[in-house]
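Novice: Would you mind keeping the following structure in view while I ask a few things?
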Amino acid sequence: MASRASKGLICTKCAYRSSSSKVQFSTSSRLRQQQQNDKSERPQIPPASGYARLTNRSLIAISGTDSTSFLQGMVTQNMLMGKEPVRAPRRTGSYSAFLNSQGRVLHDVFIYPITNGSLSSNNNDSTDEAAWLIEVDKSEVTNLMKHLKKHKLRAKLTLRALEDGEQSVWAAWNESTEKPRWAAYNLESDFPSQVSDQSLMVVGCIDTRAPGFGTRYITPGAEDLQVHLSEEMRVQGSEVGLETYKLRRILHGVAEGQQEIIRESSLPMECNMDVTQAIDFRKGCYVGQELTIRTHHTGVVRKRMLPVQLFGVDEDTTASSALSYDTSTDILQPPTGANISRVGTRKGRSAGKFISGVGNVGLALCRLEMMTDISLSGESSQYNPSQEFQVAWDADPAAVGSASSGAVKIKAVVPPWLREHIVASTMRNVSSARARENDEGLRARELVERLDEEEAEETR
């Protein structure tokens, strides 16, 4: 009688161990393959000059008699220029945001003035009416349209989400030469046109989210950007992919879209919108204005969106002071919203949240007095230069591609332009607080002296 082994049979325990090892091997192989693919697809360092088609952004057209006043009451940017009683719709594109009633960001947008005839499919529409293009995160077009329609009421305006290919959104930059600042391209603009005569439908604006970050263009159709630019204003570099543009944003500390500026969660000043000229603190009422203006005048912004450097758990982060992107570094990317905590201490107050990343760099919402040497109160902060921070996360079975837990060290880097703004704001707040204390002290002394005089008169 042949033995069980000779028939190719094995016991249940051996079979389980064999199948388990195969599963583990298969899973680890997939993870290694995924990491190798991610590494091979990782973008190179952005060129000094170049441009990118932003396929992750879409456009909404708004036109009509009440379109300007409607936007004036909805966005953080001032849509009217000049002084009372003579005020006119702005002729320059700008960065702005829609907020909810609690002052949280719903959508980060660019708003461009255009001529009504350039977007209307009805030839009978008047071209004298104000018209605007709103550039928004492509995945948020439906939500923004609902938000606009909810507040439209009886306003005389028309809303339309543009189809794919009807217009193209571009980002362009040239760090090698100084370019003149420009604001708007259209027939009614006070600024000299920098586009070709064959394409007067192009609009754009300076991207004010970081110094020298570049310019924004909206062009008709799906043609290349260079076709629409005049000879002297052609972009010197070549077109790059969306991931390269994202890497450039991260290196400049610029967040974009609701995957990074979390909808109904992020405060505009935590996303540096006060520094990037997205908020006009002198304009009238708009949705979410109350909390925003109160924070500007009396509050302190303790958390800010900052670029961060990612390290392996065995690396020393204290020696690094500048942001450096390395395509050869193999670092796991933490999930969006993962908590940042101190290394080597008991789990305490969160130091921030990881937002997004490419390779060994990323963006994070950081507590300034914990993760940087910036003091917001003019006194000593919680910052310790030898203290390291980390992001640790557990496996999420529901998340696609997240098969294991992990941890990385993280270090925040404050861009010089942001540091200057924070330091200046802190000095103003400290001076204002001291002035209020002095005023209160004078009033108290005056009250005591008045009471003493009254008591003296009563004893006479």
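We did not get these values from a lab; they are worked out from the coordinates using the rules stated. Computed from a prediction, not measured in an experiment: that's the story for all the values here.
Novice: Among the listed pairs K246/K283; K246/K303; K138/K353; K150/K283, which have their C-alpha atoms separated by more than 26 angstrom in this model? Please report the intermediate quantities before stating the final value.
Specialist: Details: K246/K283 32 Å; K246/K303 22 Å; K138/K353 24 Å; K150/K283 23 Å.
From K246/K283; K246/K303; K138/K353; K150/K283, over 26 Å: K246/K283.
Novice: Measure of size requested: the Rg and Dmax of segment 301-414, with Cα atoms as the atom set and Å as the unit; please supply both.
Specialist: Taking only Cα atoms of segment 301-414, I get Rg and Dmax of 13.9, 46 Å.
Novice: Then there's this: Please list, ordered by chain and number, the residues whose modelled amide H lies under 5 Å from the amide H of S265; skip anything fewer than 5 residues away on the same chain.
Specialist: V105
Novice: Quick one: which residues, 5+ away or cross-chain, put their amide H under 5 Å from the amide H of S356? H built at 1.01 Å from N.
Specialist: Here L363 satisfy the definition.
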